[in-house]
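Structure, as structure tokens:
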């Protein structure tokens, strides 16, 4: 079947169409995306302004038309911290549904972490033992750990690279004082989250997902995206520390000239690097392996698993994982992560 995944993130809005069936690796067919930082469209009270809402509604209409024109049979639609943590998130979601007929499922932070871990486990398989995964988004930072297909512990912290840049690093380049204050803030937040993690069972594969981790790895010498998903890519703490210090003295324009860094994300690469560095240090990690699968792939695989089990779409609950409950609203039509019966209008 051809499945659409509509991802409303903090930095971009992205529709990905994949050809997939149970037991097979999803194959990308086409995509439609646009840079849209909803964080930049927030007012002083953290509410998404009309300009941001208008742009979001326009894109979703385009995405639905694109999906229909390209033969999509089903669509998962979800949003993350940019809407979840805004002051008027519920109103924005209601407007999207009213004007586009698309229901955006609002994933919680721990659901994000759990589904991203799920994708990593599917990609890595069982022979790697336990997995500790880091994912740096625009609005939040997710950490998940487990030995099974779904994590035993998952947590989200408001340390997204875009959010930290906006709130802590207004100057370009940032001042040494602001950088020092942000480093202290990040370290304290991650240390508090790390205290709640269970004792990890060796061996542990530490992975990094998200565009931020891929860009940081590329900056430090990993293979480019064009080399394909099966090339091993790593991010070493020693190299990361060196480049975080270098980026602290750069302007956003300078960072945009680094390999793997887009102009849109250049400003937030320093904050993203600082989060990655602090997390690796807090968990005693010297190297992170970059995984090409993340949240979108996790939701795709979860959807396919549901389809292959007759009757699971009608159940009121979905299996829970430790402290993570994966079904936010059992009254919604279809599966628990945003499948909607009338998305084509």
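Per-residue packing, averaged as other Cβ atoms within 10 Å, sorts the ranges 223-229, 32-38 into the order 32-38, 223-229, beginning with the highest.
Calculated from the structure at hand, mean projected area of the Cα convex hull in nm² is found among (i) 19.1; (ii) 20.4; (iii) 16.3 as (iii). Could you tell me which of rounded, prolate or oblate describes the stretch 43-157, using a ≥ b ≥ c as the square roots of the eigenvalues of the alpha-carbon gyration tensor, with rounded for a/c under 1.5 and, failing that, prolate when a/b is larger than b/c and oblate otherwise? Oblate shape, in that a/c is at least 1.5 and b/c is the bigger or equal ratio. Bridge orientation summary for the chain: considering DSSP beta bridges with both residues in this region, about 65 percent are antiparallel. Separation of the stretch 235-256 and the stretch 1-70, taken as the distance between their Cα centroids, equals 30 angstrom.
Here the peptides 151-158, 201-208 are ranked by packing, the mean other Cβ count within 10 Å, and the order with the highest first is 151-158, 201-208. So, how do all the Cα-to-Cα distances of the stretch 110-290 break down into 5 Å bins, in percent, from 0 on up? Taking all Cα pairs of the stretch 110-290, the binned fractions are 1, 9, 19, 22, 21, 15, 9, 4, 1, 0 percent. Mean sequence separation of contacting Cα pairs (under 8 Å, at least six apart), scaled by the length of the stretch 88-234, corresponds to a relative contact order of 22 percent. Normalised by the number of residues in the chain, the mean separation of alpha-carbon contacts (under 8 Å, six or more apart) gives a relative contact order of 19 percent. Taking every DSSP bridge with both residues inside the stretch 110-290, close to 65 percent are antiparallel.
Based on the mean of other Cβ atoms within 10 Å per residue, sort peptides 267-280, 162-175, 73-86 so the most packed one is first.
Result, highest mean Cβ count within 10 Å first: 267-280, 73-86, 162-175.
What shape does the stretch 176-230 take by its C-alpha gyration tensor, where a ≥ b ≥ c are the square roots of the eigenvalues and a/c under 1.5 counts as rounded, a/b above b/c as prolate, and the rest as oblate? It is oblate, given that a/c is not under 1.5 and a/b is not larger than b/c.
Throughout, read-outs are computed from the coordinates displayed, never taken from laboratory work. Everything quoted here is computed from the prediction, not taken from an experiment. Every residue, glycine among them, receives a Cβ derived from its backbone with ideal geometry; neighbour counts consider all protein chains shown.
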